[in-house]
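One structure below.
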Amino acid sequence: MVTIIPAILILVALFVMELAYFKIADHYNIIDKPNARSSHQTVTLRGGGIIFSLAVIVFFILSDFQYLYFVIGLISIATISFLDDILTLNNKVRLSVHFVSVLFMFYQWQLFTQPWYYIIIALIFVIGTINAYNFMDGINGITGAYSLLAICTLYYVNTKIVSFTSSDFLTIIAFSLIVFNFFNFRKKAKCFAGDVGSVSIAFTLIFLIGQLVLKTGNFGYILLFLFYGLDTATTIIFRKIRKENIFEAHRSHFYQYLANQKKWNHLAVTVLYVTIQFLINVVLLLYINTPMLPILIAVAIIAILFVGLRFAVEGKNYLLKTHH
């Protein structure tokens, strides 16, 4: 159990690591320049989310090398994502490493004892979720704040409802998110997460939620990603309707519309998303042990309301006709 003094030391160490990375990124010009697809206007250091992987390594060492195969997968996917941040790699190379990394996660979950079709379904879901989480990282604060909410919710579940993972692991990941948010959750961010950050925190959160689902047999906990999932899924559907290449960079997410077309403050959009997901989490935990059918009906109602909201705010033409 991480006590007060070690906790403070770990938090300070993570701050020092982040500041050291800033020096390296500045020296080697690892930056994010604004372009037509960006939601920011100034040159900013990229890759600040490397702190999430460093935090996992800190836990790994302090815990006498717990979750070995997960850590191997995380280091692999974080490394290829960092290289993609600075070099822009071939998609086949990147996705191949994602595939292998996820298999390491599955081995840590002992998923290979399950029927083969479980593994196929899990593979599609996990790789899709990792990439969706990456696509959602487009404005200041959103990845850090949304992820911190998820970690805090998982910590509550782990300590109050069912123990499914190490509380120290959750605590150290939370510390890394606090450090990142200190530099990113502001009007003019000091750094962006980069693919190394958004992909590695997605990988970590999926691992934790997977542990929870496997421990409880309750797939309802996947709804801790619900609002991100709704934005991603509806955006993909609208882009397919517009006959766009869904793998190309874009600014079609609802949060991007609010930030770019409506000119909302980035942090206001982030707070909106986190607040809605917080309310979903509260309701989820209150009714987590109810049958799945009412939960699925509630999700369907929320999805319909969200689609209606998008039509009301963005308009039929913007959502259904090709953007120029």
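Output the peptides 206-213, 86-93, 245-252 sorted from most to least packed, where packing is the average of other Cβ atoms within 10 Å over each peptide's residues.
206-213, 245-252, 86-93
Tell me, what HN-Hα J-couplings in whole Hz come from the Karplus equation 6.51 cos²θ - 1.76 cosθ + 1.60 at θ = phi - 60° for each residue of the range 244-254, using x for Gly and Pro?
8, 6, 5, 8, 7, 4, 7, 10, 9, 5, 4
Can you count the Lys pairs in the chain whose Cα atoms are under 19 Å apart, with each pair 8 or more apart or on different chains?
The number of close lysine pairs in the chain is 17.
With only alpha-carbon atoms counted, please give the Rg and Dmax of the range 172-324, in Å.
Every Cα atom of the range 172-324 included, Rg and Dmax give 17.1, 48 Å.
Among LEU226, ALA202, ILE236, whose Cα lies farthest out toward the positive end of the dipole of the range 150-292, if unit charges sit on the beta carbon of Lys, Arg (+1) and Asp, Glu (-1)?
Selected residue: ILE236.
Around ASP32, which amide H atoms from residues at least 5 apart in sequence, or from another chain, sit under 5 Å from its own amide H, with H modelled in the peptide plane?
Counting only residues 5 or more places away or on other chains, the set is THR44, LEU45, ARG46.
How large is ³J(HN,Hα), in whole Hz, for each residue of the range 144-154 in order, when computed from phi with the Karplus curve 6.51 cos²θ - 1.76 cosθ + 1.60 and θ = phi - 60°, using x for Gly and Pro?
3J(HN,Hα) across the range 144-154, in whole Hz: x, 6, 5, 5, 5, 4, 4, 5, 4, 5, 5.
Provide the per-residue ³J(HN,Hα) series for the range 98-109, in order, calculated from phi with Karplus coefficients 6.51, -1.76, 1.60 and θ = phi - 60°, each as a whole number of Hz, with x at glycine and proline positions.
4, 4, 5, 4, 5, 5, 4, 4, 4, 5, 5, 6
When a/c reaches 1.5 or more, the comparison of a/b and b/c decides; with that in mind, is the range 251-324 rounded, prolate or oblate per its Cα gyration tensor?
Because a/c hits 1.5 or more and a/b fails to exceed b/c, the range 251-324 counts as oblate.
How high is the relative contact order of the chain? Use alpha-carbon pairs under 8 Å, at least six apart in sequence, and give a whole percent.
Relative CO of the chain lands at 23 percent.
Which order, highest average first, do 291-303, 152-164 follow once you tally other Cβ atoms within 10 Å for each residue and take the mean per peptide?
Highest mean packing first, the order is 152-164, 291-303.
Ranked highest first by average number of other Cβ atoms within 10 Å, how do 181-189, 94-102 line up?
Answer by packing, highest mean first, reads 94-102, 181-189.
For the chain, what is the mean residue ellipticity at 222 nm derived from helices alone (per DSSP H run of n ≥ 4: -39500 (n - 2.57); sum divided by total residues; nearest 500 deg cm²/dmol)?
Result for the chain, helices only: -22500 deg cm²/dmol.
Bear in mind that the values in this text are calculations on the coordinates, not laboratory data. All values reported here derive from a predicted model rather than from experimental measurement. Every residue, glycine among them, receives a Cβ derived from its backbone with ideal geometry; neighbour counts consider all protein chains shown.
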